[in-house]
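*Asks:* Sharing a structure with you now.
Any read-out appearing in this document is the output of simple, stated calculations on the displayed coordinates, not a laboratory observation. As the structure is a prediction and not an experimental result, all values here were calculated from the model. For neighbour counting, all protein chains shown are included, and Cβ atoms are generated from backbone atoms with ideal geometry for every residue, glycine included.
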Amino acid sequence: MRIVLHIWRQRNASEKGRMVRYEVPNVSEHMSFLEMLDVLNEDLIGKGDEPVAFDHDCREGICGMCGCMVNGVAHGPLPGTTLCQLHMRHFKDGDELYLEPWRARAFPVVKDLVVDRSAFDRLIAAGGFISVSTGSAPDGNAVLVSKENADRSMDAAACIGCGACVAMCPNASASLFMAAKLSHLGLLPQGQPERDRRVVGMVAQAKQELFGSCTNIGECEAVCPKEIKLENIARMNHDFLKANWTGRGLPSDEA
Amino acid sequence: MELNSKSPNGPIETRWERHKFSLKLVNPANKRKHTIIVVGTGLAGGSAAATLAELGYKVKCFCFQDSPRRAHSIAAQGGINAAKNYHNDGDSVYRLFYDTVKGGDFRSRESNVYRLAQVSVNIIDQCVAQGVPFAREYSGYLDNRSFGGAQVSRTFYARGQTGQQLLLGAYQALERQIGCGGVQMFPRTEMLDLIVIDGKARGIVTRNLLTGQIESHLADAVVLGTGGYGNVYYLSTNAKGSNTTAIWRAHKRGALFANPCFTQIHPTCIPVSGDYQSKLTLMSESLRNDGRVWVPLKKDDPRPPSQIPENERDYYLERRYPSFGNLVPRDVASRNAKIVCDEGRGVGETKLAVYLDFRDAIQRLGAGLIKERYGNLFNMYERITGEDPYKAPMRIYPAIHYTMGGLWVDYNLMSTIPGLYVIGEANFSDHGANRLGASALMQGLADGYFVLPNTINDYIASNKLPAVDISHGAVKEAESQVTCVIKRLLETRGTRTVDSFHRELGKLMWDYCGMSRTAEGLKYALEQIPALREQYWRDVKVLGAGEELNQSLEKAGRVGDFFELAELMCLDALERNESCGGHFREEYQTGEGEAQRDDEHFSYVAAWEFRGVGNRPELSKEPLTFEYVHPAQRSYK
């Protein structure tokens with residue numbers, strides 16, 4: 001089949017970008033979306049044009065590196081799927097697709113479809129962990145975790161940090177990303193001692209990074225390739241309110 | 001070169017304890033004065049960087065991805081082994097040690113493997129404490145499953161995303177240290193050379209992938225946790241970015257490269273569908289717990305699998321290996337898939353695939369339980385192939401997955417360059433000629449959390465490491481070498497893309513240095529590869545500039561190194577006149593078609609010293625002795 005692409009081309013963060021039209025003839029239905037972009041790039045290089053820059057690595061839907069907006073939807077039309085796992089059998093001959101980088105103030109464009117998501121790393125550094133230095137752990141079976149909590153924790157821990165939730169949110173909020181981490185750790189007994197500090201630290205950092213607030217629109221859940229649930233945000237809000245109410249977890253001068 | 005493995009002697013059970021006691025320590029106040037560079041943020045690099053910072057060292061950590069959380073350890077699916085014996089099924093540290101040495105076909109170092117089995121239990125404890133959501137029983141206790149090459153259930157798992165969860169544990173520990181200033185993180189930064197001053201590793205030259213800036217970073221020791229080199233085959237289960245550049249350039253600076261031909265072919269991957277294919281996707285080996293592998297008895301059987309009756313199916317693994325059945329080790333399972341396909345009994349359009357069938361398991365256990373165990377893998381399969389594995393069997397075929405070879409290291413994980421440590425898949429040490437499933441995660445974390453942070457103190461404490469600065473001649477020389485290669489790649493402006501060369505190299509390697517090898521084929525490859533390499537440097541086409549994000553340029557540098565490595569792999573495979581583990585030489589097999597080792601002549605680690613591009617490298621041998629597990633022909637029958 002033949003696919004028409006309109007791709008955002010932007011040389012670097014300071015130059016202005018624009019949409020450029022390309023055609024990819026002979027797209028096989030078995031190709032992944034990124035393999036179609038590979039074919040386009042090989043063709044561009046052949047013609048002496050610079051290939052389209054896009055982030056990708058594992059191409060198995062787990063590293064979280066790939067992703068762009070396809071016709072206004074993060075990771076494209078298939079629910080629960082990263083761009084690398086989206087195959088061309090879901091498109092038809094002659095389809096026109098508009099590809100843009102993630103849209104969010106906290107994710108500045110680096111080049112073409114590549115954005116800077118380092119704000120996510122800083123959110124984790126602000127509290128998204130359990131402080132246990134190597135060597136100090138008790139036996140793995142010393143702490144029992146109910147299967148239900150282990151499963152729900154795992155559901156949240158499946159987040160791959162791709163940023164689709166932020167890109168799709170009209171407020172560019174990182175709530176689903178943060179909430180996933182807070183649920184992952186907060187549902188486990190090991191995560192309890194730092195539960196208050198964690199939510200306070202991460203929410204404060206999100207503000208600094210210029211992520212927006214959550215207004216319960218739910219676009220994030222709809223595009224999440226790992227289908228992380230909105231209920232995690234409710235849990236985060238609960239934890240945040242509780243931490244503020246009790247004063248636990250706040251920096252000592254504010255408590 | 002004389003290779004001193006520094007393996008301790010005496011009873012194997014206490015070697016690591018006694019060795020640790022003999023190592024010098026660095027007092028906590030002095031650790032702050034030392035900088036350590038860690039390259040790579042996978043399970044090995046990430047856990048090492050976090051742990052070294054916890055100890056008090058100043059750590060500079062580098063990765064080429066946009067975040068340390070993306071390293072390819074994240075893609076490991078099935079699980080991590082540990083000798084906990086929580087199931088009372090006869091497991092022990094000794095049995096894990098025994099299985100690993102045997103699984104590696106007696107080409108690994110006993111002391112290292114024993115230590116690995118010992119610390120495996122600490123890894124699980126550490127990861128649970130970090131909040132890794134391992135699968136649990138209803139009682140709240142940890143659940144286990146079994147994996148290839150073992151008859152006990154010792155594999156801990158977090159659904160089909162064990163690697164992801166373990167990596168997130170290490171990543172979060174790393175971010176905690178970044179947050180408190182213990183680690184300075186450099187994402188989107190690629191190591192392009194090693195700086196050696198007065199015979200010691202003292203730093204690295206890097207390229208900032210966003211700005212193209214070439215920079216030097218100096219330290220008291222350098223740790224490489226940069227993963228394996230499976231992408232030399234172009235198509236592999238590795239991430240697209242996985243590469244050999246860091247270890248290869250260290251090799252060119254004097255680090256010996258050990259057993260480069262020991263590569264692992266994973267038996268359960270989704271088959272190739274076309275020439276645009278960019279990578280291969282693994283289906284976890286854990287699927288072989290419940291799936292049954294078969295092909296039609298008849299050649300070129302055109303019927304769909306549902307119409308082939310039971311008595312016309314050949315469950316060839318169960319038939320040939322009744323005691324291990326579908327759970328034979330990876331090398332055995334892969335080779336058998338190749339044999340039945342070579343016989344013309346392969347399935348699917350390309351005839352290069354076998355069935356992995358869950359029909360019986362679904363009947364026995366119900367679709368619900370199968371979904372709980374493998375749901376994400378089944379979804380992934382359906383997404384890629386458009387077929388539903390609950391209804392029709394999966395089609396699978398072997399693919400390059402892991403490289404057991406890597407830079408030579410001693411018992412302290414130090415390479416032949418003093419101060420250069422190599423951990424995880426990047427070193428050669430623990431898996432011999434074949435790695436057992438769920439052992440890569442174990443080794444990466446063992447090295448990073450528990451081994452390296454102990455051994456590196458000894459080097460820091462016992463060496464005078466005078467301050468150096470970036471005006472040093474060795475730094476300038478390394479920088480100019482890096483700049484020169486980049487300039488050459490950009491100025492060639494030939495006619496062929498980097499990928500087209502890489503694909504051609506990969507095909508040569510798969511055909512002649514892949515699942516089975518012959519002297520004749522390897523000699524042919526050794527003529528073709530240098531010719532293709534020369535053409536590459538004459539005719540490669542890389543557009544754009546060096547001072548910006550330029551993904552073609554990044555690839556071009558990596559593929560340039562793959563060419564040189566490929567030649568070494570073929571040479572190593574040609575020199576090793578025996579079959580062992582993943583290295584199968586057709587000339588050396590038993591009457592029943594199993595690998596035939598030659599312990600009398602080849603019970604050694606082949607460590608190669610670089611002597612210039614196109615020149616024959618020099619071979620040094622580290623003899624392997626087996627005091628505990630006595631070499632025998634591996635039998636899984």
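*Asks:* Give me the percent relative contact order of the stretch A:3-111, please, defined on Cα pairs under 8 angstrom at least 6 residues apart.
*Replies:* 34
*Asks:* Which GluC sites (Glu not before Pro) in the stretch A:202-255 sit in a loop by DSSP (not H, G, I, E or B) and have at most 10 other Cβ atoms within 10 Å of their own Cβ?
*Replies:* Answer in residue order: A:E254.
*Asks:* Report the longest stretch of chain A that contains none of the trypsin sites (Lys or Arg not before Pro) sitting in a DSSP loop with at most 12 other Cβ atoms within 10 Å.
*Replies:* The segment A:106-255 is the longest one with no such site.
*Asks:* Roughly how many nanometres apart are two label points built 7 Å out from the Cα toward the Cβ at A:H90 and B:A519?
*Replies:* That separation, rounded to one decimal, is 5.4 nm.
*Asks:* When Lys and Arg each count +1 and Asp and Glu each count -1, what net charge do the other residues less than 13 Å away from B:E548, Cβ to Cβ, add up to?
*Replies:* That works out to -1.
*Asks:* A further question follows. Do any chymotrypsin sites (Phe, Trp or Tyr not before Pro) in the stretch B:99-155 lie in a loop, going by DSSP, with at most 13 other beta-carbon atoms within 10 Å of their beta carbon, and if so which?
*Replies:* B:Y138
*Asks:* Just flag the trypsin sites (Lys or Arg not before Pro) in the stretch B:430-521 sitting in loop per DSSP whose Cβ has no more than 12 other Cβ atoms within 10 Å.
*Replies:* B:K464, B:R493
*Asks:* Out of all Cα-Cα pairs in the stretch A:16-99, roughly what percent, to the nearest whole number, are more than 15 Å apart?
*Replies:* Across the stretch A:16-99, Cα pairs with separations above 15 Å total 60 percent.
*Asks:* Mind telling me which of A:D38, A:D116, A:D49 comes out most flexible in a GNM of chain A, alpha-carbon contacts under 10 Å?
*Replies:* A:D49
*Asks:* Shifting gears a bit: For a label point 7 angstrom out from the Cα of A:E29 toward its Cβ, which stretches of the stretch A:73-98 have the backbone nitrogen within less than 12 Å?
*Replies:* A:88-93
*Asks:* Based only on other Cβ atoms within 10 Å, what is the fewest-to-most ordering of A:M1, B:M515?
*Replies:* A:M1, B:M515
*Asks:* If you don't mind, there's one more thing I want to ask. Show me, for the stretch A:73-87, the HN-Hα J-couplings you get by feeding each phi into the Karplus relation (A = 6.51, B = -1.76, C = 1.60, θ = phi - 60°), rounded to Hz, glycine and proline as x.
*Replies:* Per residue, the Karplus-derived 3J(HN,Hα) values read 10, 5, 6, x, x, 7, x, x, 9, 7, 4, 5, 9, 7, 9 Hz.
*Asks:* Using 7 Å Cα-to-Cβ label points, what is the B:Y94/B:F626 separation (nm, one decimal)?
*Replies:* Result: 1.7 nm between the two label points.
*Asks:* Okay, next question. What number in nm² do you get for chain B if you take the convex hull of its Cα atoms and divide its surface by four?
*Replies:* Hull-based average projected area comes out at 27.1 nm².
*Asks:* Could I ask something else about it? Compute the Cα gyration tensor for the stretch B:265-399, then decide on rounded, prolate or oblate, letting a ≥ b ≥ c be the square roots of its eigenvalues: rounded whenever a/c is under 1.5, prolate when a/b is larger than b/c in the other cases, and oblate in all that remain.
*Replies:* Since a/c stays below 1.5, the shape of the stretch B:265-399 is classed as rounded.
*Asks:* So how far apart, in nm, are the two label points at A:L44 and A:R18 if each is 7 Å from Cα heading toward Cβ?
*Replies:* 1.5
*Asks:* Would you mind estimating how fast the stretch B:473-521 diffuses translationally, via Stokes-Einstein at 10 °C and 1.306 mPa s with the Kirkwood radius over Cα pairs, in µm²/s?
*Replies:* It diffuses with D of about 115 µm²/s by this estimate.
*Asks:* How long is the gain from B:S480 to B:E2 if the chain were fully straight, where each residue apart is worth 0.36 nm and the alpha carbon distance is subtracted?
*Replies:* Additional length available on full extension: 168.9 nm.
*Asks:* If you take the beta carbon distance between B:E491 and B:D342 as r and set R0 to 51 Å, what does 1/(1 + (r/R0)^6) give as a FRET efficiency, to the nearest 0.05?
*Replies:* The computed FRET efficiency comes out at 0.65.
*Asks:* Still on this structure, I have one more. Please find the FRET efficiency linking A:A222 to B:T211, where r is the Cβ-Cβ separation and R0 is fixed at 45 Å, and quote it to the nearest 0.05.
*Replies:* FRET efficiency, A:A222 to B:T211: 0.80.
*Asks:* Considering the dipole of chain B built from charges on the beta carbon (Lys and Arg +1, Asp and Glu -1) around the Cα centre, which of B:T350, B:Y98, B:S47 is farthest to its positive end?
*Replies:* B:S47
*Asks:* Return B:I396, B:I370 ranked ascending by Cβ neighbour count within 10 Å, so the fewest neighbours appear first.
*Replies:* B:I370, B:I396
*Asks:* Picking from B:T268, B:M283, B:Y321, whose Cα lies most toward the positive end of the charge dipole for the stretch B:265-399 (charges on Cβ: Lys, Arg +1; Asp, Glu -1)?
*Replies:* B:Y321
*Asks:* Thinking of the stretch B:36-81 as a set of Cα atoms, what percent of all their pairs are more than 13 Å apart?
*Replies:* I get 55 percent for the Cα pairs in the stretch B:36-81 exceeding 13 Å.
*Asks:* Taking 0.36 nm per intervening residue step and subtracting the Cα-Cα distance, what contour gain separates B:N9 from B:E575 on full extension?
*Replies:* Once the chain is fully extended between B:N9 and B:E575, it gains 200.8 nm.
*Asks:* In peptide B:162-173, how many Cβ atoms from other protein chains are near each Cβ within 10 Å, on average?
*Replies:* 4
*Asks:* Something else: Tell me, rounded to the nearest percent, the portion of alpha carbon pairs in the stretch B:506-605 spaced more than 22 Å apart.
*Replies:* In whole percent, the share of Cα-Cα pairs in the stretch B:506-605 beyond 22 Å is 43.
*Asks:* Then there's this: Evaluate peptide B:120-129: per residue, the Cβ atoms of other protein chains within 10 Å of its Cβ; return the mean as an integer.
*Replies:* For this peptide, the per-residue mean of nearby foreign Cβ atoms is 6.
*Asks:* Sticking with this structure for a sec: Can you tell me the FRET efficiency between B:E534 and A:Q192 if r is taken as the Cβ-Cβ distance and R0 is 41 Å, rounded to the nearest 0.05?
*Replies:* The calculated FRET efficiency here is 0.10.
*Asks:* Here's a follow-up. First check a/c for the stretch B:1-154, with a ≥ b ≥ c the square roots of the eigenvalues of its C-alpha gyration tensor; if it is under 1.5, answer rounded, and if not, answer prolate when a/b is larger than b/c or oblate otherwise.
*Replies:* Because a/c hits 1.5 or more and a/b fails to exceed b/c, the stretch B:1-154 counts as oblate.
*Asks:* Among rounded, prolate and oblate, which fits the protein assembly as shown when a ≥ b ≥ c are the square roots of the eigenvalues of its C-alpha gyration tensor, a/c under 1.5 means rounded, and a/b larger than b/c means prolate?
*Replies:* The shape class here is rounded.
*Asks:* Next question. Tell me, what HN-Hα J-couplings in whole Hz come from the Karplus equation 6.51 cos²θ - 1.76 cosθ + 1.60 at θ = phi - 60° for each residue of the stretch B:506-516, using x for Gly and Pro?
*Replies:* x, 5, 4, 5, 5, 6, 10, 9, x, 5, 9
*Asks:* Another question, if that's okay. Suppose every Lys and Arg Cβ carries +1 and every Asp and Glu Cβ carries -1, with no other charges. What dipole size does the stretch B:374-507 come out with about its Cα centre, to the nearest 20 debye?
*Replies:* For this selection, approximately 500 debye.
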